[in-house]
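Colleague: The structure follows.
The values are calculated or read from the model by the stated rules, or taken from the named source; none is laboratory data. Only a predicted model underlies this, so the values are computations on that prediction, with no experimental measurement involved. Here the Cβ positions follow ideal geometry from the backbone for every residue, glycine too, while neighbour counts run over all protein chains shown.
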Amino acid sequence: MNNENQNIISLNGEWNFIPDEEMKLRVEEVIEMFGKEKDHRKMLIPNNWQLGGLNNFSGTVWFIQSFDFTDSTDSLNILKFNGVDYFADVWLNQKYLGHHEGYFQQFYFNISSSIKNGNNLLVVKVSSPKEEPKTVWPLKKKLIKGIFNHHDCRPGAWSFEHGQDLNTGGIWNKVFIERCNNIYIDSISVTPKLNDKRNAASIKVVIDYELNLNAPINGDVIIQFVSPSGEIIEKKIQPEFKPGKHQLIFVQTIHQPELWWSWDTGGQNLYQLKIKSESINEKQVQFGIREVKLDEQEQFYLNGEKLFLRGTNIIPTQWLSDFTKEKIYSLVSLMKEANINIVRVHAHVNRKEFYEECDKQGIIIWQDFSLQWTYDESEEFAANAIKQIKEMTKQLNNYSSIAFWCCHNEPGDQIKSLDPLLYDAVLSEDNSRIIRLASNYEEHAYDGWYWGNKEHYAAAPMGPIVTEFGAQAIPEIKSLQKFMTDDEINKPDWNKWKYHDFQYEQTFHIAGIEPGNDVNELIDNSQNYQAELLQTSIDFYRRKKFNGINGIFQFMFVDCWPSITWSVIDYYGEKKKGFYTLKNAYQPVYVSLRMRQTKYFPDSKLNFDLWIINDLPEFFDNLSLKIYFDKTLIYQIDYLKLLPNDLQFIDWEKLILDLPVGAANGEHRVYVELFDEQSLNVISNNSSRILITSKKEIEYVKSETEKGVI
């Protein structure tokens, strides 16, 4: 036990634990075992037990912590858990405190009557069971864990035997005691609403508190808003605090607010709200002021400005305890490097530090609820899902980066039965964001992977907002060698590859990827295919900007465990070729190049179209478009103007360009560069390969039977 400050007593650190795979032990037996045995198994908390030494374990684990406590005052003492996966039952000094279900929620217990001066014994029973294969899992699941217990990117994928391997159970987030006066502030929710002119915002603040007295009390509370530029608005309120759990609500108007924008449209302005009182511990939360909307054509608006969504999907880890601040910062920075302005948190709720970083770096979030495919049809399950989705909405409310709530991923027929209930539940909690009933199959475009071929993207399928598209790619050999033996790699053990999520049929039978002469050629072919599919699909989609396509979400950005998936960055941080394609094709100002012909005779003319796409709110009035054959400038257009959120098409009839005299046979590149003469910067570039070849002399030899035939 260690003290983080005078009010917080951390219980993080080394805990004793007792595995209970059959889930039969009683708390009295556990306490007796703890008292008798001297050498207890230890685990650092916070941790998912898979990472803490319990490999591939499902069931119950009892965690025991003994700690000393001293308090000479009559404080209100709160025991808080920031995340336990999945069921939790808690005892302090053999007194039962309560039960909690759900892996992502924060929850607490008032332990004022249970804690004592001196030594205390805390017991936490954590259960994360394996659901019964075939009868319950995968089609009638009851645990609301989303991708953490069912997905084709997790260990075992769809396998009945292995699809729930490497369980995510455990006390994965902080545990601490907070000492208060008589009032505990559980949460502060801030909801800003801009007026029509966007020159003022009404800030609704909801404070959830618990008063540990038998009678109401009054107290002065200082509310302080600090703007991003340092301006302070302060007000004093004198509320009546009532015994038990209640809410305190007030509204503050902020004039000329400093708005929060995505990184490609403006600044990431964040306000601080501080609450001070003699009766409560000082609390502080961060929020941004912004407005998000979809119009009737499903075009997205941020603060009244239309924005094309260049997105991806993420499942950054299979075990949330391992998703450190350093990893979070790196991931969000990589998304920004790839020119992504929105990320879909795919069928799970992540840890708060991730949302804080997206707020800071200006990445918009599409937030899924933790439902993946289908679940139990009972009324009890529906009630539980309603409760948990409301808890998600409330817990994540203050993050300005979150623009979308989505109730379910690929729900099947439950889009008609369960999901409308969830939609209404979210709406009752938050009407300031966009709410989607589901992300369903009709907006998931897998041409070239599950069906058809990549040229089908010419039809720009599954719009207007495409929430999944992509193809698998095999990681580099040095990454494969970290989770498979050389024999399993070089003489592929397809069952082992399948366990790590590789899809054989789609790779070889639909995508038609050539296996090559060795695994290195297979890897190269696989990564080339993913890159080509991403280039083709994104080009076709972006050319239809605001003409049937308003946003696209590539699937998937990173691997959540050592695997072979749709990611463009593998589990070990190695970038696949698809990453660089994504980065190039997602440039905010982008020149999309379509070679109408890729093979030419030496004396031919180039044959291509191009589109100039501007996703920025910026007007460019002095651009030069330069076209190079290898390093030779062969064409230039000056004084181009590009309006904010603009798209210009230049067809082949304006771009009939002679190949340079003496161009040799072989492979060459056509480069396109958009140069801003005002800032003297290249604001976009792109290229395409072509082949120059001489005419082949062909002579057909008649067969014996054809000779003499007229």
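Colleague: From the list PHE579, PHE540, pick out the single residue that is at pLDDT 95 or above, over 21 Å from PRO475 (Cα atoms) and part of a helix (DSSP H, G or I). Break it down into steps so the answer makes sense when it comes.
Modeller: Numbers: PHE579 fails: over 21 Å from PRO475 (Cα atoms).
Residue meeting the stated conditions: PHE540.
Colleague: Report whether or not ILE254 is of a type in the set (A, V, I, L, M), farther than 30 Å from VAL343 by Cα and modelled with pLDDT of 95 or more. Outline the logic, then answer.
Modeller: Working: of a type in the set (A, V, I, L, M): yes; farther than 30 Å from VAL343 by Cα: no; modelled with pLDDT of 95 or more: yes.
No, not satisfied.
Colleague: Taking ILE249 as the residue in question, decide whether it is touching a residue at least 12 places away in the same chain (Cβ under 8 Å), closer than 22 Å to ASP208 by Cβ, among the hydrophobic types (A, V, I, L, M, F, W, C) and part of a loop (DSSP other than H, G, I, E, B).
Modeller: Taking the combined requirement at face value, the residue does not satisfy it.
Residues checked against (1) in contact with a Ser or Thr (Cβ under 8 Å, 6 or more places away or on another chain); (2) over 22 Å from GLY169 (Cβ atoms); (3) of a type in the set (Gly, Ala, Ser):
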| residue | (1), (2), (3) |
| --- | --- |
| SER58 | yes, no, yes |
| SER66 | no, yes, yes |
| PHE69 | no, yes, no |
| LEU76 | yes, yes, no |
| ASN93 | yes, yes, no |
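Colleague: Moving to a separate point now. If GLN105 meets every condition in (1) of a type in the set (S, T, N, Q); (2) more than 30 Å from the chain's Cα centre (by Cα); (3) modelled with pLDDT of 95 or more apart from one, which number is that one?
Modeller: Every condition holds for GLN105 apart from (2).
Colleague: Now for a different question. If only one of ASP615, ASP609 is more than 29 Å from GLU296 (Cβ to Cβ) and out of contact with any His (no Cβ under 7 Å at 6 or more places or on another chain), which one is it?
Modeller: Being more than 29 Å from GLU296 (Cβ to Cβ) and out of contact with any His (no Cβ under 7 Å at 6 or more places or on another chain) holds for just one of ASP615, ASP609, which is ASP609.
Colleague: Just checking, how many residues over the stretch 27-58 are assigned to a loop (DSSP other than H, G, I, E, B) and at pLDDT 95 or above?
Modeller: Residues in the stretch 27-58 being assigned to a loop (DSSP other than H, G, I, E, B) and at pLDDT 95 or above: 13 in total.
Colleague: Only one of ASP368, ASP430 is crowded, with 22+ Cβ neighbours inside 10 Å, under 22 Å from the mean Cα position of the chain (by Cα) and charged (D, E, K, R). Can you tell me which?
Modeller: Details: ASP430 fails: crowded, with 22+ Cβ neighbours inside 10 Å.
On inspection, the qualifying residue turns out to be ASP368.
Colleague: Related question: Can you give me the number of residues within the stretch 391-425 that are hydroxyl-bearing (Ser, Thr, Tyr), closer than 14 Å to ASP368 by Cα and in a loop (DSSP other than H, G, I, E, B)?
Modeller: 1
Colleague: Which condition from (1) surrounded by 12 or more Cβ atoms within 10 Å (Cβ to Cβ); (2) more than 30 Å from GLY267 (Cβ to Cβ); (3) modelled with pLDDT under 95 is the one that THR705 breaks?
Modeller: (1)
Colleague: Would the stretch 647-670 turn up any residue that is buried (at least 16 other Cβ atoms within 10 Å of the Cβ), modelled with pLDDT of 95 or more and over 26 Å from TRP263 (Cβ atoms)?
Modeller: Yes - at least one qualifying residue is present in the stretch 647-670.
Colleague: Hey, another quick one. Among the listed residues THR312, THR265, identify the single one that is part of a strand (DSSP E or B), under 30 Å from THR581 (Cβ atoms) and either of a type in the set (S, T, N, Q) or in contact with a His (Cβ under 6 Å, 6 or more places away or on another chain) (or both).
Modeller: The conditions single out THR312.
Colleague: If LYS605 passes every condition in (1) modelled with pLDDT of 90 or more; (2) charged (D, E, K, R); (3) more than 24 Å from PHE540 (Cβ to Cβ); (4) touching a Phe, Trp or Tyr at 6+ places or on another chain (Cβ under 7 Å) but one, which one does it miss?
Modeller: (4)
Colleague: While we're looking at this one, here's another question. When the residues of the stretch 315-329 are narrowed to those that are over 18 Å from ASN149 (Cβ atoms) and β-branched (Val, Ile, Thr), which ends up nearest to the chain's Cα centre (by Cα)?
Modeller: ILE328
Colleague: Here's another thing I want to ask about it. Residue check, VAL90 against (1) buried (at least 22 other Cβ atoms within 10 Å of the Cβ); (2) in a strand (DSSP E or B); (3) touching a residue at least 40 places away in the same chain (Cβ under 8 Å), all met but one. Which one?
Modeller: Answer for VAL90: the failing condition is (3).
Colleague: Let me ask you something else. Kindly indicate whether any position in the stretch 24-39 is under 19 Å from PHE176 (Cα atoms), in contact (Cβ under 8 Å) with a residue 60 or more places away in the chain and either surrounded by 14 or more Cβ atoms within 10 Å (Cβ to Cβ) or in the same structural domain as SER321 (by TED's automatic domain parsing) (or both).
Modeller: no
Colleague: Considering each residue of the stretch 203-228, count those that are assigned to a strand (DSSP E or B) and either surrounded by 14 or more Cβ atoms within 10 Å (Cβ to Cβ) or of a type in the set (Val, Ile, Thr) (or both), and give that number. Don't jump to the end; show me each part of the working.
Modeller: Step one: filter the stretch 203-228 for residues assigned to a strand (DSSP E or B), giving 203-211, 217-218, 221-226.
After this cut, where a residue has to be either surrounded by 14 or more Cβ atoms within 10 Å (Cβ to Cβ) or of a type in the set (Val, Ile, Thr) (or both) as well, the list is 203-211, 217, 221-226.
Qualifying residue count for the region: 16.
Colleague: So, one more: Could we say that ILE275 is out of contact with any Leu (no Cβ under 9 Å at 6 or more places or on another chain), buried (at least 16 other Cβ atoms within 10 Å of the Cβ) and either assigned by TED's automatic domain parsing to the domain that holds TYR399 or of a type outside the set (D, E, K, R) (or both) here?
Modeller: Here the answer is yes, as ILE275 does meet what is asked.
Colleague: Do you know which residues across the stretch 315-338 are in a loop (DSSP other than H, G, I, E, B) and either in contact with a helix residue (DSSP H, G or I) (Cβ under 6 Å, 6 or more places away or on another chain) or of a type in the set (Val, Ile, Thr) (or both)?
Modeller: ILE315, PRO316, THR317, THR324, ALA338 - these are the residues of the stretch 315-338 that are in a loop (DSSP other than H, G, I, E, B) and either in contact with a helix residue (DSSP H, G or I) (Cβ under 6 Å, 6 or more places away or on another chain) or of a type in the set (Val, Ile, Thr) (or both).
Here's the yes/no breakdown for (1) outside any loop (DSSP other than H, G, I, E, B); (2) in contact with a strand residue (DSSP E or B) (Cβ under 9 Å, 6 or more places away or on another chain); (3) hydrophobic (A, V, I, L, M, F, W, C):
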| position | (1), (2), (3) |
| --- | --- |
| THR60 | yes, yes, no |
| ASN77 | yes, yes, no |
| SER112 | no, yes, no |
| VAL123 | yes, yes, yes |
| VAL126 | yes, yes, yes |
| LEU143 | no, yes, yes |
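Colleague: For the stretch 508-527, enumerate the residues that are of a type outside the set (A, V, I, L, M) and over 25 Å from the mean Cα position of the chain (by Cα). Lay out the reasoning, then the answer.
Modeller: Initially, the stretch 508-527 is screened for residues of a type outside the set (A, V, I, L, M), giving 508-509, 512, 514-518, 520-521, 524-527.
Selection gives PHE508, HIS509, GLY512, GLU514, PRO515, GLY516, ASN517, ASP518, ASN520, GLU521, ASP524, ASN525.
Colleague: Filter the stretch 465-482 for residues that are touching a helix residue (DSSP H, G or I) at 6+ places or on another chain (Cβ under 9 Å) and either of a type in the set (A, V, I, L, M, F, W, C) or under 13 Å from LYS576 (Cβ atoms) (or both) and give the result. Quick ask: steps written out before the conclusion?
Modeller: Residues of the stretch 465-482 that are touching a helix residue (DSSP H, G or I) at 6+ places or on another chain (Cβ under 9 Å), as a first pass: 465-477, 480-481.
Residues satisfying the conditions are ILE465, VAL466, PHE469, GLY470, ALA471, GLN472, ALA473, ILE474, PRO475, GLU476, ILE477, LEU480.
Colleague: For TYR600, state whether it is among the aromatic types (Phe, Trp, Tyr) and more than 18 Å from the chain's Cα centre (by Cα).
Modeller: yes
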